[in-house]
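Engineer: Before we start, here is the structure in question, set down as structure tokens.
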Amino acid sequence: MKGQVAIVTGGGRGIGKAISIALAKRGVNVVVVGTNLETASETASNLQNIGVKSIAVQADVAKHADVKNIFDSTLSEFGKVDILVNNAGITRDSLIIRMKDEEWDRVIDVNLKGTFLCSREAVKAMLKQKYGRIINISSIVGFMGNIGQANYSASKAGIIGLTKTIAKEYANRGITVNAIAPGFITTSMTESIPENIKNEMLRSIPMGRFGTTDDVAHAVVFLASPEAGYITGQVLHVNGGMYM
Ligand code: NAD
């Protein structure tokens, strides 16, 4: 994978950072995208220390103009995009009777529309080179549902339909599109969950432990590799057996 170019949205921290590092360790040059330029730049310099080229781009993936800028910056810096990892995601939890329109809209906009906007630009670039790997980060919650996460679970289930459709549209053009559905992964997104709920979740994981960001990153690297070229439209569950 040496010399390939990847865009990782939300690559500055958490799961996205682990994905960026894992790709860089395979020699992939990485464009780190995030809302916070400082965090994204810090990760980009970590990647440079690993020995690859890396730039940070500040963007809100829900905005068309920002997404256009991600791809313009990538193409002017590297001339191609081999891998897109749609990892940027947010939660705005609340029971549905209390969920505000803005909470619904923002989560759908970032998680689902952001994945659509970035994938559309990526496919355009990948068609020219007749090669590409798109990996969308969904969630176990998109399959099981979760109290307080109507917006989030709908966005993550929507990503599955989107993944399968883009996979079908470009299967004969060298582009594969797959999703990863992580279970409970320890990051800042999950730190705020109350201890009693965390313990309850732990009991429902057959492996008896929460996932690590590296557990997800390794799965991404596999799907992003040339060796995964006959796999498309699939969901790889990374959840310690929590959902089968
Ligand atoms: P995190 O909050 O630590 O990181 C999210 C990243 O996305 C941040 O870098 C942030 O800057 C970026 N981001 C947020 N909104 C953005 C926007 N509008 N435009 C561009 N970037 C934006 O979260 P995480 O736990 O690392 O989650 C990463 C992905 O994995 C998310 O899609 C999340 O839904 C998914 N996921 C996480 C878990 C878990 O247990 N942590 C489980 C299943 C799925």
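Engineer: Could you check the stretch 223-244 and list, in sequence order, the residues that are touching a strand residue (DSSP E or B) at 6+ places or on another chain (Cβ under 7 Å) and in a loop (DSSP other than H, G, I, E, B)?
Structural biologist: 229, 231, 232, 233, 234, 239, 240, 243
Engineer: Continuing with this model, one more query. What number of residues in the stretch 44-63 are surrounded by fewer than 18 Cβ atoms within 10 Å (Cβ to Cβ), under 12 Å from residue 20 (Cβ atoms) and of a type outside the set (Ser, Thr, Tyr)?
Structural biologist: Residues meeting the conditions: 3.
Engineer: Residue check: is residue 158 in contact with a strand residue (DSSP E or B) (Cβ under 9 Å, 6 or more places away or on another chain), touching a residue at least 24 places away in the same chain (Cβ under 8 Å), within 13 Å of the ligand (Cβ to nearest atom) and in a helix (DSSP H, G or I)?
Structural biologist: no
Engineer: Considering the stretch 117-156 alone, what residues qualify as being in contact with a Gly (Cβ under 6 Å, 6 or more places away or on another chain) and surrounded by fewer than 19 Cβ atoms within 10 Å (Cβ to Cβ)?
Structural biologist: 130, 131 - these are the residues of the stretch 117-156 that are in contact with a Gly (Cβ under 6 Å, 6 or more places away or on another chain) and surrounded by fewer than 19 Cβ atoms within 10 Å (Cβ to Cβ).
Engineer: Next up: Tell me which residues, restricted to the stretch 105-151, are more than 14 Å from the chain's Cα centre (by Cα) and assigned to a loop (DSSP other than H, G, I, E, B).
Structural biologist: 130, 131, 145, 146, 147, 148
Engineer: Which of the following residues is at pLDDT below 95 and not in a helix (DSSP H, G or I): 197, 193?
Structural biologist: Step by step, each of 197, 193 is checked, and only 193 is at pLDDT below 95 and not in a helix (DSSP H, G or I).
Engineer: Only one of 177, 216, 220 is near the ligand (Cβ under 10 Å from one of its atoms) and either crowded, with 19+ Cβ neighbours inside 10 Å or assigned to a strand (DSSP E or B) (or both). Can you tell me which?
Structural biologist: 216
Engineer: Is it fair to say residue 38 is more than 9 Å from the ligand (Cβ to nearest atom), under 18 Å from residue 155 (Cα atoms) and outside any loop (DSSP other than H, G, I, E, B)?
Structural biologist: No, not satisfied.
The values are calculated or read from the model by the stated rules, or taken from the named source; none is laboratory data. Owing to the predicted nature of the structure, the values given are computational and were not obtained by experimental measurement. No Cβ is skipped: glycine too gets one built from the backbone with ideal geometry, and neighbour counts run over all protein chains shown.
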